[in-house]
Amino acid sequence: MSPHDDLGQPVHCRELTSGAQHTGILTIGSDNISLDIFGYETKFIQIDHKAPIHVQTQNLNIASLHWNATTRSGRNGKSSDDPRFRTVYRHSFSCSAAVIGADPWLTSDLINVAKFELDGFDYILENIDRTEQISRSEPSQEFKQKLFATTVGNVEFSILYDVTYSIFQPFPTQIRPTVVLRFSEGETLQTYLKFATAFTQLISASTGLATFPKNIFIGRPTLDSADDALDGNKATHLVRYIWPHTDNASSTSILLTANDDEISTFSACLSRWIDRYDQWSGAYALFVKSRLMANRIDAERLLNACRLFEEIPLTETKRIIPSNDVESIAKAAAMKAAELGHDNIHHRILGALRNISSETRKDKIDRLIAMMRGRFGQSILPDDIFEDIAQADKLRNKAAHGHLSGESDEEFKQLSTSVYAMEAFCLLAIFLDMPLKKDGHWRLTSHPTLEQYNAAVASRVSKD
């Protein structure tokens with residue numbers, strides 16, 4: 001049976017963890033993963049929620065539930081002359097992930113290959129020449145399935161085309177881009193996901209819309225794993241998570257794969273994106289969160305934008321006076337102070353110099369604005385960008401103390417423009433050192449994040 005048979009509706013199951021083989025109901029929906037286990041003869045159901053829970057479903061699949069929490073444990077009873085009908089024991093769980101396949105998936109199992117799809121963003125990975133070639137192919141013909149591959153560390157990222165044929169016609173009925181990850185050293189269920197989400201975070205940054213990996217399959221290492229990673233056929237277990245709801249409908253993207261030059265740029269940007277993941281992971285996650293809040297303007301979105309600014313490594317404050325020079329200046333100043341009768345103030349002078357040896361917030365923002373305009377063009381940001389970011393800082397203080405409502409028209413305009421400015425600035429900072437070509441530069445101007453900010457500035461100028 002297909003793992004998909006266990007999705008979207010309650011299925012009857014038998015647990016395989018406690019040894020008692022209790023029966024229950026497993027529900028794997030779009031917004032929850034839950035398990036309800038019932039006992040009719042034993043007084044207590046002994047299942048450790050801290051360990052994976054394995055169940056056999058009515059569709060002859062094995063579902064392994066990971067990172068579980070008990071939501072209900074107890075019994076229902078009523079008066080009855082027959083003791084068999086008096087009590088039903090119940091243990092309910094909320095689960096963070098479900099792995100469905102032909103056998104249990106253990107915490108210690110290693111993942112050699114993972115594949116997933118992008119929901120609503122197939123156009124980004126569609127290469128016209130390649131898809132036209134595939135569309136004219138027959139099942140017996142060979143064609144180049146892999147669009148490109150790039151390796152970062154011990155992970156290979158590949159884009160393949162999954163092709164579906166019908167018995168009623170000789171040509172493909174569906175051509176679907178699929179992302180395939182191959183792990184040369186193996187990853188666990190807990191560690192592989194960061195690479196999959198890192199890829200979708202790049203897509204989110206490129207389009208301005210939040211997205212997450214969909215239809216994920218994983219597979220264990222095999223003797224012929226090199227071939228398996230090519231076609232993804234050994235990714236045998238379906239993995240289901242609960243992602244935030246997204247409504248993706250877009251046809252714009254900074255990155256595309258329509259021709260060889262764009263494939264080269266996409267591959268280079270992906271390599272750079274993954275290579276810096278450890279330093280940028282916080283910024284990646286907060287940018288996606290900002291996209292999840294794209295249809296609202298409130299204090300929470302402002303606070304998220306400000307935290308995003310702080311998480312970007314490029315916004316780290318730099319020293320404008322080297323530490324050695326600060327020490328030398330402090331010694332000279334202390335000697336002069338001693339001549340004037342002020343002894344033992346060297347440490348106070350040193351502390352004061354250290355405070356002024358680092359760039360101010362204005363220095364930092366001006367430095368980055370200059371870098372952005374130098375890279376993407378003078379007109380990439382409006383002239384008022386610094387003032388709008390400064391306004392965001394002021395409103396952040398009010399929001400942090402619960403004094404920002406945005407109810408008045410004036411306050412709402414300030415809040416919305418401040419949010420748009422901070423998010424636009426952060427977007428450009430994220431792509432500042434990415435290996436984009438000129439096409440990527442002009443596509444930035446039509447990015448939803450920049451469009452929102454430019455529209456807010458234009459509206460303000462027209463009213464002034």
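For Cα pairs less than 8 Å apart in space and 6+ apart in sequence, what is the mean separation divided by the residue count of the chain, i.e. the relative contact order in percent?
Relative contact order of the chain: 12 percent.
Once both labels are modelled 7 Å past Cα along the beta-carbon direction, what's the Phe171-Thr150 spacing in nm?
3.3 nm
Given N residues in the range 249-309, what is Rg(Cα) / (2.2 N^0.38 Å)?
1.40
Longer than 23 Å from Cα to Cα, which of Lys50/Lys214; Lys194/Lys289; Lys115/Lys194 are they? Say none if no pair is.
Lys50/Lys214
Students often forget the sequence filter, so: which aspartates and glutamates lie under 15 Å Cα-Cα from Lys234 once same-chain residues fewer than 8 apart are removed?
Once the sequence-local aspartates and glutamates are set aside, what remains near Lys234 is Asp103, Asp109, Asp162, Asp224.
Can you bin every Cα-Cα distance in the range 95-205 into 5 Å intervals starting at zero and give me the percent of pairs per bin, rounded to whole numbers?
2, 10, 19, 19, 17, 15, 11, 6, 2
Tell me the angle of helix 385-400 to the major Cα principal axis of the chain, expressed in degrees between 0 and 90 and rounded to the nearest ten.
That helix lies at roughly 60 degrees to the long axis.
Using Rg/Rh (Cα atoms, Kirkwood Rh) as the read-out, say which of (i) 1.15; (ii) 1.08; (iii) 1.41 was calculated from these coordinates.
Step by step, Rg/Rh (Cα atoms, Kirkwood Rh) for this structure corresponds to label (ii).
Taking the Cα atoms only, what angle lies between the long axis of helix 448-463 and the longest principal axis of the chain, rounded to 10 degrees?
Rounded to the nearest ten degrees, it is 50.
Could you sort 254-267, 202-215 so that the peptide with the highest average Cβ count within 10 Å comes first and the rest follow in order?
Most protected by this proxy first, the peptides run 202-215, 254-267.
Peptides 373-380, 62-69: what's the order by average Cβ count within 10 Å, highest mean first?
62-69, 373-380
Charges on Cβ only, +1 for Lys and Arg, -1 for Asp and Glu, centred on the Cα centroid of the chain; of Gln145, Leu415, Tyr277, which one is farthest towards the dipole's positive end?
Looking along the dipole axis, the top candidate is Leu415.
Counting helices only, and only those DSSP H runs with n ≥ 4, report the 222 nm mean residue ellipticity of the chain as the sum of -39,500 (n - 2.57) divided by its residues, in deg cm²/dmol to the nearest 500.
The helix contribution divided over the chain gives -12500 deg cm²/dmol.
Nearest 10 degrees, 0 to 90: what angle lies between the long axis of helix 193-207 and the longest principal axis of the chain (Cα atoms)?
Taking the Cα atoms of the chain, the angle to 193-207 is about 60 degrees.
Throughout, read-outs are computed from the coordinates displayed, never taken from laboratory work. Quantities reported herein were computed from a predicted structural model and do not represent experimental measurements. Glycine also receives a Cβ, built like all others from the backbone with ideal geometry; neighbour counts cover every protein chain displayed.
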